[in-house]
1. Considering amide H positions built from the backbone, and no H for Pro or chain starts, which residues 5 or more places from A:S263, or on another chain, come under 5 Å of its amide H?
2. For A:L358, list long-range residues whose amide hydrogen, built 1.01 Å from N in the peptide plane, is under 5 Å from its own amide hydrogen.
3. According to the square roots a ≥ b ≥ c of the eigenvalues of the Cα gyration tensor, what is the shape class of the stretch B:3-76, taking rounded for a/c under 1.5, prolate for a/b larger than b/c otherwise, and oblate for the remainder?
4. What are the ³J(HN,Hα) values, in whole Hz, obtained from phi via the Karplus relation 6.51 cos²θ - 1.76 cosθ + 1.60 with θ = phi - 60°, for each residue of the stretch A:124-131 in sequence order, with x given for Gly and Pro?
5. Ranked by Cβ crowding within 10 angstrom, fewest neighbours first, how are A:S333, B:S103 ordered?
6. Of the listed pairs A:K119/B:K44; A:K6/B:K6; B:K6/B:K146; A:K4/B:K44, which have alpha-carbon separations greater than 32 Å here?
7. Mind sorting A:E305, A:E161, A:E124, B:E11 by how few other Cβ atoms lie within 10 Å of their own Cβ, fewest first?
8. Enumerate the calculated ³J(HN,Hα) couplings along the stretch B:14-23 in order (Karplus 6.51 cos²θ - 1.76 cosθ + 1.60, θ = phi - 60°), each rounded to whole Hz, writing x wherever the residue is Gly or Pro.
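Readers should treat all values here as calculations from the given coordinates under stated rules, not as data from a laboratory. The structure displayed is predicted, hence computed values, not measured ones. Glycine also receives a Cβ, built like all others from the backbone with ideal geometry; neighbour counts cover every protein chain displayed.
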Amino acid sequence: MTEKLKTLLHDRAETVDFDVPDLDALVRAGDRRIRRRGLVGLTSVAAVAVVGALAAGSLTGDGSGPGRGQTPVANDPGTHAAIAWTTGSVLHEGGTTRDLGHPVDAFVRTAAGYVFASKGDVYETTPTGVQRIGEIDLRHPHLVSDPGGTLAGWVQRGTREYVVHDLATDVTSVERVAPQTDDTSMSQFVAIDGSTAYWHEDDGIAAHDLATGRSTALDPGGSVQNWLIDVRDGVLALYGDDGVRVGRSYDASRPLGEVMPSSGVLSPDATYYAPDDETLSVLDVASGRDVTPALDGYFFSTGYEWLSRDTIAVIALERSEDDPLTLLTCTISTGDCTVAVDAAGSYPHVQLPVGDPLGG
Amino acid sequence: MAQRDKAEFAEFVTARSAALHRAAYLMVGDVALAQDLVQEALTKTYVAWPRLRDKGNAEAYTRKAITTTAISWFRRKRWSHERSTESPPDQGTPGHDDSVTQSAWLWEALLDLPVRQRAAVVLRYYEDLTEAQTADAMGCAVGTVKSQVSAALTKLRERLGDDPDLLPLNDLVVNR
């Protein structure tokens, strides 16, 4: 084989000089991204809120509301789940606090309680205590859940199994062994929506029916160009070459305006999508219309968890990333935002129910 | 990120940024765009740095980020259109500047390739990666790499003629 093509490429590459990248700017941009990723998670799926009181009640068998201390949620837009956060081992929710006994590295919400990671172990909260239910990556714990159901999932440390735990039955099931991967792998347990688990592997996105154990490829022949951001009520939010796409299948998905951030959260019935951006943004999925509630006075704000079909929890920083976190609730139908927690804490001590450690 | 990790990352950037810039430039054909591309890829690498247990994988990770980001940008911004399919200018008479002229034609022809094909050529013939390594960097199957390289070389031959010294012949055969 001739070397001429290679020679041309090398000669051409040598004709240009490049400045050494601005390392400080690079680190600043990276740190911002880590924080944002920590806020809503790369996959974001854990950040979606409870579907509704009726569903939650039926799942827990408690007609008066969800069990295990979860704040009830109604279909009435005026009622929504309480904002929850942790500082160290203390869970704050709805004006009450509870010491979980283990420092929380990351946590998710379900209709039957919370699942959290602490120093490589996975725990569930119960009405009377806290129970260890598995092991997870020590440095980068990543949890997923269906906030409207009773299931939470993670990749088991050591065995690399995708496991799903049902908080209603206390049954933990092994669904599949994650493939052996190298450091550049995109493999990840992405989402649980109803009775379907979703994971992203190097050869594409798989939807795994937890009832039958059957997996199907969402995007046959897919690649790292397509990333599953979130799934809610059977609707997929995907990130691809042309930005965010939304639809009930990969083939049926269509671009959602010019939304380019690669993470975000769908509302429980997939009516709205909130991209993870520098400032709060909410779009109507059907029309692409901007329905962002008014929120001024913060240099950074983003929606991270839907508390009802109409209300989103928002994290905000007033002046700098060193400020204590402000948590707000914003209602789409009224366009209003209200401060719920004025100083929830600072990185990295505070955690929100997004499945990943806040602040990376 | 821990200070030790930041120091390691800074060392990686200092050592490898020039090489990464050159590969990025060949993929996009524009110095400013190549710098943006490398900045974006290094930011992604910085974010992923703590989980790169083997720092020897950092360059592979960054190369993958450069390639997939370049493909994404080009497709997103619709810059990957075929710019021209007309024949190259008359190749003139043999002379001392033949190689310079030929080089210019080849460069023009390369820039006219769709971005995936150009990325495959750069990774295979500049970075000297195997087909499997190229597939990993592009986030696609090995068969796709073979077909992309084959299509690229076929187009270059159509533009530049059948000069056996100019282009590799054996990669025109695709075994899927």
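1. Result for A:S263 returns A:D276.
2. Distant-sequence amide H within range of A:L358: A:L352.
3. The shape class here is prolate.
4. Per residue, the Karplus-derived 3J(HN,Hα) values read 10, 8, 10, x, 10, x, 10, 10 Hz.
5. Least crowded to most crowded, the residues run A:S333, B:S103.
6. Details: A:K119/B:K44 26 Å; A:K6/B:K6 35 Å; B:K6/B:K146 38 Å; A:K4/B:K44 34 Å.
Beyond 32 Å between Cα atoms: A:K6/B:K6; B:K6/B:K146; A:K4/B:K44.
7. Numbers: A:E305 30, A:E161 18, A:E124 23, B:E11 11.
By the 10 Å Cβ count, ascending, the order reads B:E11, A:E161, A:E124, A:E305.
8. With the stated coefficients, the stretch B:14-23 comes to 4, 6, 10, 5, 5, 5, 5, 4, 5, 5 Hz.
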